Amino acid sequence: MRTSRAAAAVTVVTALAAVTGCGGGTSTDGGGSNESPRTLTYWASNQGPNVEADKKILTPELKKFEKQTGIKVKLEVVPWSDLLNRILAATTSGQGPDVLNIGNTWSASLQATGALLPWDRKNFDAIGGRDRFVGSAVASAGAQGKDPAAVPLYSLAYALYYNKKMFADAGISQPPATWDQLIADGKKLSKNGKWALGTEGGNLANNIHQVFVLGKQHGADFFDSSARPTFTSDGAVAAVKQYVDFMAKDKIIAPGNAEYAQNQSLQDFARGMTAMVLWQAAASTFAAQGMKPADWGVAPVPVPAGAPGTGRNTNSMVAGINMAVFKNTRNIDGAKKFVKFMTSDAEQKLLNKTYGSIPPVKAAQQDPAFSAPDLKILRDTLTASAAPLPQVPTESQFETAVGTAVKELWADAAAGLPVTTESVKAHLAKAQQQMQQ
Amino acid sequence: MTTVAPGRTDRADNGASSGKGDPRGRLPRIPDRIRHGGLPYLLLLPAVALELLVHLIPMVIGIVMSFRRLTQFYIRNWGEAPWAALDNYKVAVDFDAPIGRALLHSFYVTCLFTVFAVGLSWLFGVAAAIMMQENFRGRGFLRAVFLTPYALPVYAAVITWAFMFQRDNGLINHVLHDQLGLTDQPSFWLIGDNSFVALVVVAVWKSWPFAFLIVMAGLQNIPRELYEAAAIDGAGVWQQIRKITLPSLRPVNQVLVLVLFLWTFNDFNTPYVLFGRAAPEAADLISVHIYQSSFVAWNFGSGSAMSVLLLLFLLLVTAAYLLLTSRGRRGADA
C-alpha cells in the first residue's frame with residue numbers, strides 16, 4: 001500500500017512539473033566580439049531532399065571558405081520543423097550559433113527579439129553593398145524603416161504549374177492568366193474523379209501565402225501602417241472567400257485537399273489526378289515523383305485581370321531564406337566574411353542552381369541556368385510582381401491565427417457547409433481578437 | 001571476539017544506560033530508529049536533487065514567467081519583461097473573450113478526451129489481461145503482439161495513423177467505405193468533428209497495452225486458491241471477476257488510472273503529430289493549445305499562466321483522487 005502511494009506521489013510530481021517546465025535565461029548584449037576568430041558555427045535550414053543531402057552540398061563550400069580565410073565552420077543542418085524553436089531557445093539562452101538561416105517570413109518577428117545583428121550600411125558594405133541584392137528580397141528581411149535583420153540567401157516565388165496532357169485532353173490550349181479563366185478551365189478539368197487545382201488546406205503557411213497574394217489583389221494588406229491587424233477588412237474577407245470558394249462554390253478543388261499538409265497535392269499532380277498547383281520551384285519534386293519536364297508547363301500565378309507585374313497585380317509573396325548573424329557572436333568579423341562568401345556571385349550561382357531557387361543577388365541571376373522556362377517565370381515574378389509578407393513583429397502569430405481560420409474554412413467547405421461572407425468574416429474576426437489580446 | 005576497540009566497548013557499555021564515561025559517549029546519541037529511518041532519505045537525495053534541477057526549478061521559473069508580459073521582445077532577457085501581475089491569468093479565465101473562451105473549450109475537449117481514452121484503455125487492458133490469465137496455445141505470442149504499440153516510437157506510430165486516417169488514400173476509409181460499405185461517402189478524420197474520434201482511437205491504441213501490462217502483473221499476485229475455492233462454492237466467471245479479481249486489483253488500478261489520467265490529460269505528441277500545430281476545434285487538446293500560445297504566438301507569459309492553471313487543476317484532481325482512494329482503502333482495511 002505504502003509503495004503504491006509513494007509511486008503515485010512521485011508520478012504526480014514528475015508529471016505535473018513537466019507541465020510548466022519552461023526554461024529561461026539571459027544573454028549578453030552588444031554586437032559580438034572577435035574572441036574566437038578561427039571558428040564559426042552555422043545552422044543551415046534544410047533545403048535539399050534531406051539533412052544528409054544538405055551536408056553533402058554545403059560541406060565542400062565550407063571547406064572552400066576555410067581555405068580562403070582559415071576559419072573553420074561547424075555545420076549543423078536543422079530541419080524546418082525544429083528551426084524556429086531552436087532559434088527561440090538560442091535567443092533565450094544566448095547560446096546560439098554565430099550564423100544561421102531563417103525563413104524570410106520570420107524576419108520581423110525575430111528582429112523584434114533583438115538577438116540578430118542589424119544589417120546597417122556599414123555591415124552591408126562589408127559584404128559588397130545593399131544594392132547587390134534584389135529590392136523585394138531585402139524588403140523581406142526585416143520591418144519597414146529598420147535596418148534588415150538578415151541578408152537574402154535563396155529566393156523563391158510562386159508560379160502556376162499545369163499538366164499539359166490534362167489541359168490538352170480538356171481542349172485547353174494555354175494556361176489561365178486570370179482567375180475567371182482559371183475557374184472556367186477548372187470546371188472543364190474537374191470531372192471523372194480528377195480535379196483542376198490542388199492545395200494544402202492543412203498547411204497554415206501555405207494558406208497564408210495564398211490569401212496574402214489574393215488580399216493584395218483586393219487591395220488588402222492584413223495590417224495597417226501601424227502594424228495593427230485588419231483581418232476583417234473587405235479586401236481580406238474577399239480574398240479568403242475567393243480562395244476557399246475554389247472548393248466551396250466553384251468545385252474545382254477536391255474536398256480531400258482540405259486535410260493536406262504534407263505536399264500531397266504535389267503527389268496528386270504528379271499522378272495526373274490534379275491539373276494545376278500554385279507552388280514555389282516544384283521542378284525537382286516533380287522529377288522525384290517521376291514526371292518528365294515535358295509533362296508539365298509553368299505560368300505566372302493568375303491575377304484578376306490583365307497581366308501580372310502591372311499596377312496592383314501582385315501575384316506572389318516573396319519566398320525565400322535569409323542569412324542572419326547572432327548579435328552576440330564571438331567572431332563578428334568572421335561571421336560577416338562568411339555571409340559575404342555565401343552571398344558572393346559564385347556561391348550564389350552554385351547553391352541556387354543546386355537547390356532550384358533564384359539568387360537574390362542581381363549579378364548571379366543573370367546566369368543562363370536561371371533562364372530555364374520555369375525559373376525565368378519565378379525570377380521575373382520575384383523582380384516585378386512579388387511582395388513580401390507583412391514585416392511586422394507579430395507575423396508569426398498572423399500565420400497561425402489567419403492560417404488556422406482558413407484551415408477551418410476549408411474544413412467547412414469540405415464538409416459541404418456553406419462558406420459565406422459572414423462566416424469568413426466571423427473566422428477572421430476571431431483570429432484578429434486572438435492577435436489583440 | 002576480543003578485537004573490539006576499547007572506546008566502542010565503553011560506548012556500548014555506557015550508551016544504553018547513561019551516556020557518560022568515554023568523551024565520545026557524551027555526544028548526543030542518534031537513536032537507531034532515526035539513524036535507520038534516515039537512510040532511505042539519504043538514498044533518495046540524488047533523485048531529489050535531480051528532480052529539483054530538472055523539474056521543480058524550471059517549474060518555479062515557469063510560475064514567475066506567468067506574472068510577466070513575456071513576448072518575443074523580451075525573450076533575450078526575460079527577467080526584464082514588464083510585470084503583468086495577474087493580467088495573464090485574467091486573460092486566460094476571461095471566458096467572454098476569444099482567448100479565455102478557446103481555453104475553456106480546449107479544457108472541455110481535454111476532459112472528454114481523457115474520460116474516453118482512460119476509460120477505454122483501462123477496460124481493454126483489464127479485459128485482455130484477464131483473458132490472458134488462462135494458459136493456452138499461442139498466449140506468449142499474443143502477449144507480445146498486445147504490447148507492440150507500447151514498444152513502438154510514438155512519432156512513427158502516430159504518423160502512420162495520420163496516413164491511415166487520410167480521407168482519400170487512407171486505410172480506414174478504404175475498409176469502412178470501400179470494403180464494408182458502412183458509410184455513404186469517405187469520411188474526414190483529420191478535420192471536422194470526427195477528428196475527436198480519431199484522437200481517442202490513437203490514444204487508446206497507444207495506452208491500453210500499458211494498462212494490460214500493469215494489470216497482468218497485478219493478477220500474478222492473486223492466489224489461485226481463491227479462484228479454486230470460489231469455483232467449488234459455485235461462483236461463475238463473472239462472480240469471480242467481480243468478487244475476487246477486481247477487489248484484489250484495486251491498489252494496482254488506483255495507481256494505473258491516476259497515471260493514465262495524467263499522461264492522457266497532458267498528451268501532446270498524439271494531437272501534435274496527428275493534426276499539426278493547429279488541431280481542429282473538436283480535438284483541440286489543452287497541451288497543444290498551451291504550446292500554441294507559448295511557442296507559436298510567442299506569448300510566453302500567457303502560455304505560462306495557462307500552464308499554471310492546468311497544474312493547479314491537476315494537483316487538485318490528483319489530491320482529491322489520492323484522498324478518496326486512501327479513504328476507501330482504509331475503509332476496506334477496517
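The values are calculated or read from the model by the stated rules, or taken from the named source; none is laboratory data. Predicted, not measured: the structure shown is a model, and the values here were computed from it. Note that we place each Cβ from the backbone using ideal geometry, even for glycine, and neighbour counts take in every protein chain shown.
Are any residues in segment A:259-312 assigned to a helix (DSSP H, G or I) and at pLDDT below 85, and if so, which ones?
Answer for segment A:259-312, where residues must be assigned to a helix (DSSP H, G or I) and at pLDDT below 85: A:283, A:284, A:285, A:288.
Could you run through segment A:248-272 and say how many residues are within 9 Å of chain B (Cβ to nearest Cβ) and of a type in the set (D, E, K, R)?
2
Among the residues of segment A:25-38, is any at pLDDT below 50, out of contact with any Gly (no Cβ under 9 Å at 6 or more places or on another chain) and at the interface with chain B (Cβ under 7 Å from one of its Cβ atoms)?
No, the conditions are met nowhere in segment A:25-38.
Only one of these is among the hydrophobic types (A, V, I, L, M, F, W, C), within 8 Å of chain A (Cβ to nearest Cβ) and over 30 Å from residue B:215 (Cα atoms): B:259, B:308, B:252. Name it.
Unique residue meeting the criteria: B:308.
Could you look through segment B:280-300, keep only residues that are of a type in the set (Gly, Ala, Ser) and at the interface with another protein chain (Cβ under 9 Å from one of its Cβ atoms), and pick out the one that is nearest to the chain's Cα centre (by Cα)?
Ranking the candidates gives B:287 first.
Testing residue B:109 on (1) crowded, with 20+ Cβ neighbours inside 10 Å; (2) under 30 Å from residue A:413 (Cβ atoms); (3) within 14 Å of chain A (Cβ to nearest Cβ), one condition comes back false. Which one is that?
(3)
Conditions: (1) more than 28 Å from the chain's Cα centre (by Cα); (2) under 22 Å from residue B:267 (Cβ atoms). Residue B:113 meets all but one. Number of the miss?
Every listed condition holds for residue B:113 apart from (1).
Filter segment B:141-171 down to the residues that are of a type in the set (S, T, N, Q) and exposed (fewer than 15 other Cβ atoms within 10 Å of the Cβ), then identify the one that is modelled with the lowest pLDDT. Reasoning before the result, please.
Quick first cut of segment B:141-171, residues of a type in the set (S, T, N, Q) only: B:148, B:160, B:166, B:169.
Subset that is exposed (fewer than 15 other Cβ atoms within 10 Å of the Cβ): B:148, B:160, B:169.
Details: B:148: 87, B:160: 94, B:169: 84.
For segment B:141-171, the residue satisfying everything is B:169.
Tally time: how many residues in segment B:178-200 are free of Cβ contacts under 8 Å to residues at least 12 places away in the same chain and either touching a helix residue (DSSP H, G or I) at 6+ places or on another chain (Cβ under 7 Å) or closer than 25 Å to residue A:407 by Cα (or both)?
The qualifying residues number 5.
Return the pair list, or none, for Cβ contacts closer than 7 Å from residues in segment A:126-140 that are among the hydroxyl-bearing types (Ser, Thr, Tyr) to residues that are part of a helix (DSSP H, G or I), at least 6 apart or on different chains.
A:136/A:382; A:140/A:104; A:140/A:107
If you take the residues in segment A:137-154 that are out of contact with any Phe, Trp or Tyr (no Cβ under 9 Å at 6 or more places or on another chain) and either surrounded by fewer than 24 Cβ atoms within 10 Å (Cβ to Cβ) or of a type in the set (S, T, N, Q) (or both), which one is farthest from residue A:44 (Cα to Cα)?
Per the criteria, the residue is A:145.
I'd like the full set of residues that are among the β-branched types (Val, Ile, Thr) and farther than 20 Å from residue A:391 by Cα, limited to segment A:304-353. Walk me through it before giving the result.
First, pick out the residues of segment A:304-353 that are among the β-branched types (Val, Ile, Thr): A:310, A:314, A:318, A:321, A:325, A:329, A:332, A:339, A:343.
Matches in segment A:304-353: A:310, A:329, A:332, A:339, A:343.
Could you tell me whether segment B:302-320 includes any residue that is β-branched (Val, Ile, Thr) and under 30 Å from residue A:201 (Cα atoms)? If you could, list the steps in order and put the result at the bottom.
We begin by selecting, within segment B:302-320, every residue β-branched (Val, Ile, Thr); these are B:308, B:317-318.
This time we only want the ones that are under 30 Å from residue A:201 (Cα atoms), so: none.
Within segment B:302-320, not a single residue is β-branched (Val, Ile, Thr) and under 30 Å from residue A:201 (Cα atoms).
Confirm whether residue B:251 is within 28 Å of residue B:193 (Cβ to Cβ) and in contact with a Ser or Thr (Cβ under 9 Å, 6 or more places away or on another chain).
So residue B:251 fails the test.
Give me the pairs, please: first residue somewhere in segment B:295-313 and on the phi < 0 side of the Ramachandran plot, second residue anywhere and basic (Lys, Arg), beta-carbon distance under 6 Å, and either six or more positions apart or on two chains.
B:296/B:277; B:301/B:68; B:301/B:69
Determine if segment B:260-272 includes at least one residue that is over 30 Å from residue B:113 (Cβ atoms), of a type outside the set (S, T, N, Q) and surrounded by fewer than 19 Cβ atoms within 10 Å (Cβ to Cβ).
Checking segment B:260-272: not a single residue is over 30 Å from residue B:113 (Cβ atoms), of a type outside the set (S, T, N, Q) and surrounded by fewer than 19 Cβ atoms within 10 Å (Cβ to Cβ).
Within 13 Å of chain A (Cβ to nearest Cβ), in a helix (DSSP H, G or I) and touching a Ser or Thr at 6+ places or on another chain (Cβ under 7 Å): which single residue out of B:47, B:102, B:92 fits that description?
Unique residue meeting the criteria: B:92.
What pairs can you find where one residue is in segment A:284-308 and under 22 Å from residue A:356 (Cα atoms), the other is of a type in the set (Asp, Glu) and assigned to a helix (DSSP H, G or I), and their Cβ atoms are less than 6 Å apart, with a gap of 6+ or different chains?
A:298/A:374
I need every pair where a residue in segment A:213-241 that is of a type in the set (Ser, Thr, Tyr) has its Cβ under 6 Å from the Cβ of a residue that is at pLDDT 95 or above, sequence separation at least 6 or different chains.
From segment A:213-241, the pairs are A:232/A:425; A:232/A:428.
Go through segment A:55-94 and count every residue that is more than 27 Å from residue B:74 (Cα to Cα), in a helix (DSSP H, G or I), of a type outside the set (S, T, N, Q) and out of contact with any Phe, Trp or Tyr (no Cβ under 9 Å at 6 or more places or on another chain).
Result for segment A:55-94: 6.
Of all residues in segment A:372-420, which are touching a helix residue (DSSP H, G or I) at 6+ places or on another chain (Cβ under 8 Å), part of a helix (DSSP H, G or I) and among the hydroxyl-bearing types (Ser, Thr, Tyr)?
Passing the criteria: A:383, A:396, A:400, A:404.
Being closer than 28 Å to residue B:128 by Cα, small (Gly, Ala, Ser) and within 14 Å of chain A (Cβ to nearest Cβ): is that true of residue B:195 here?
Spelling it out, residue B:195 is indeed closer than 28 Å to residue B:128 by Cα, small (Gly, Ala, Ser) and within 14 Å of chain A (Cβ to nearest Cβ).
Considering (1) within 20 Å of residue B:282 (Cβ to Cβ); (2) free of Cβ contacts under 8 Å to residues at least 40 places away in the same chain, say which one residue B:205 fails and leave the rest.
Only one criterion is unmet by residue B:205, namely (2).
Which one is nearest to the other protein chains (Cβ to nearest Cβ) among residues in segment A:392-420 that are under 30 Å from residue A:147 (Cα atoms) and among the charged types (D, E, K, R)?
Of everything passing the filter in segment A:392-420, A:399 is nearest to the other protein chains (Cβ to nearest Cβ).
With the structure loaded, tell me whether residue A:102 is surrounded by 22 or more Cβ atoms within 10 Å (Cβ to Cβ) and farther than 24 Å from residue A:344 by Cβ or whether it fails that test.
Answer is no for this residue.
What residue, among those in segment A:59-75 that are within 26 Å of residue A:104 (Cα to Cα) and in contact (Cβ under 8 Å) with a residue 24 or more places away in the chain, is surrounded by the fewest Cβ atoms within 10 Å (Cβ to Cβ)?
Only one residue fits best here, namely A:74.
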